[in-house]
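The values are calculated or read from the model by the stated rules, or taken from the named source; none is laboratory data. Computed from a predicted model, the values in this text were never measured in an experiment. In this analysis, Cβ positions are derived from the backbone assuming ideal geometry, glycine residues included, and neighbour counts consider all displayed protein chains.
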Amino acid sequence: MNMNSIENILASLKFFYPELTLILTFFVLLLADLFSKRWTYLLPAISLFGFLITGYFLFYTPNVQGFLFATGMANVGLYVVDPFAFFFKILILLSMAYTILFSLSSKEILESKENRGEYYVLLSSFALGTFLLTSTIDLLMMYLSFELVSLSSYILAGFTRKVPRSSEASLKYIIFGAVASGAMLFGISIFYGLTGTTNIYLINFFLVNQNVSGLALVIAGLLIIGGIGFKISMAPFHFWTPDVYEGAPITITAVLSVASKAGGFAVLIRFLKVMFIDFSSTNLQSSVWAILPQFKWNDIIAGLAVLTMTLGNFAALWQSNMKRMLAYSSIAHAGYMLSGFVILDNQGIMAILIYFFIYLFMNLGAFYVVMLISDKLGSEEMDDFTGLGYKAPYLTIALTIFLISLTGIPPTAGFIAKLYLFGALIKANWIWLAVIGVLNSVVSLYYYLRVVKNMFLREPGELTFPYKLDTPNLVLSLTLLIPTLILGVYFKPLIEFAEQSIKIFGF
């Protein structure tokens, strides 16, 4: 490594403060766990403080033109700091902070005293991995970041070791994850063999200016998309999701459904947006999917989106466990967001960002209320929620609003999310895909309303619910409930935020 490379690395560090803060938080938590066995709230306090400082650096770190950590004669970089990464890092930080706060009330976490320290340490490494995913522009760096997220997730999914289904969830997660990682790494090796680089911008430049094997390119692209598809619960790579979501603590289920998906979608957007566009074209809008145009990449993505949303919604119809139902719901929402990829222009990408921001509040809110109720009932079965509307009116009304928003019914924020997504599809003449999305939303209404019917339209019988919502949990639930309602009627700031976040792609 020459002096110029060392200077580039040192110069890049000033743009890397948020990630460095997460690394420092990881080591502080690791050390604090050795001496804080009696201090219940020390580790979550350190985690929240670390995330707060990370957020501070995130807001005050300027965007940079060009690549960070550039080395070698070609000055090839690994990392970028741009508005697009900023958007997803905000989502990840919010979901991680909520997860820590959820954990303070989680019966599953509070009862796991012997390994509670590892829980917060692994959450910090999970956050670091997802941060790296949002900014990486190197395929090998992408793989390593995914592995950091995955290794943390595997252990967190099996955190409640005394529960048999938790160990089963962790084992299934590891097996499926290992296959997905192997497929992704094989795809990366093919790209490197074709182009001699793992930087996605240089790969794009090579593919535009050189003739490469079309079959090899298709295989490599599909392998990488499949590997990323595992992380975002895309069918047919979704098989791990319901078992892992059911077996993991609800706090981990919530963070996997939002933060892990955020990292996966961010890297998939950047991969597809950069790899398959001809940047040499004078009209970038018409150059979408210009690499290997004889292979219909957008049709493949559309088919996967339809498969994902349809399978997720119809499988959810038969679920009696709330966590499994929300797991299949999460798969369906991944399908909705995938449909935005077929356009791959400003409107499509912006619709995905808007959807994801709203999805954070309504999905975390649903998991949080289910956690509070199931901890007191000692059950996650839908039938045990019968008559709860009479015993816990606030919690059941809040859960109803979150479920209605997940369906996409006005005036909740979920309606705005689907309105922009399906509107973008119709504007791009993907009308059939928008129609399938709307029909799937109608299907989802059935299983969401089953929960509402159980809570409000069935007699409570001898049900007792010995729980009075305390002030911290009330305030925390309102921070999720209020945005779900407000963003349904006033969403201009969110639209502007999403518009600013996609300018990096040059459209």
**OP:** Please find, among Phe186, Phe230, the residue that is closer than 24 Å to Met325 by Cα and either of a type in the set (Phe, Trp, Tyr) or touching a helix residue (DSSP H, G or I) at 6+ places or on another chain (Cβ under 8 Å) (or both).
**Re:** Phe230
Subject >> Test set (1) in contact with a Phe, Trp or Tyr (Cβ under 8 Å, 6 or more places away or on another chain); (2) farther than 20 Å from Pro44 by Cβ - Arg165 fails condition number >> reply: (1)
Subject >> Filter result for Ala334 (surrounded by 24 or more Cβ atoms within 10 Å (Cβ to Cβ), in contact with a helix residue (DSSP H, G or I) (Cβ under 6 Å, 6 or more places away or on another chain), at negative phi and without any contact (Cβ under 8 Å) to a residue 60 or more places away in the chain) >> reply: no
Original post:
Could you say which residue among Lys113, Lys89 is more than 18 Å from Val274 (Cα to Cα) and either at pLDDT below 90 or in contact with a strand residue (DSSP E or B) (Cβ under 6 Å, 6 or more places away or on another chain) (or both)?
Top reply: Lys113
Original post:
Where in segment 1-60 are there helices (runs of 4 or more DSSP H), lying fully within it, with 1 or more residues that are modelled with pLDDT of 90 or more?
Top reply: 17-35, 42-60
Original post:
Exactly one of (1) more than 30 Å from Lys107 (Cα to Cα); (2) out of contact with any Leu (no Cβ under 6 Å at 6 or more places or on another chain); (3) crowded, with 22+ Cβ neighbours inside 10 Å is unmet by Ala235. Its number?
Top reply: (2)
**OP:** Filter segment 137-180 for residues that are assigned to a helix (DSSP H, G or I) and in contact with a strand residue (DSSP E or B) (Cβ under 9 Å, 6 or more places away or on another chain) and give the result.
**Re:** Leu139, Met141, Met142, Leu144, Ser145
**OP:** Tell me which residues, restricted to segment 120-149, are free of Cβ contacts under 8 Å to residues at least 40 places away in the same chain and closer than 21 Å to Phe51 by Cβ.
**Re:** Leu122, Leu148
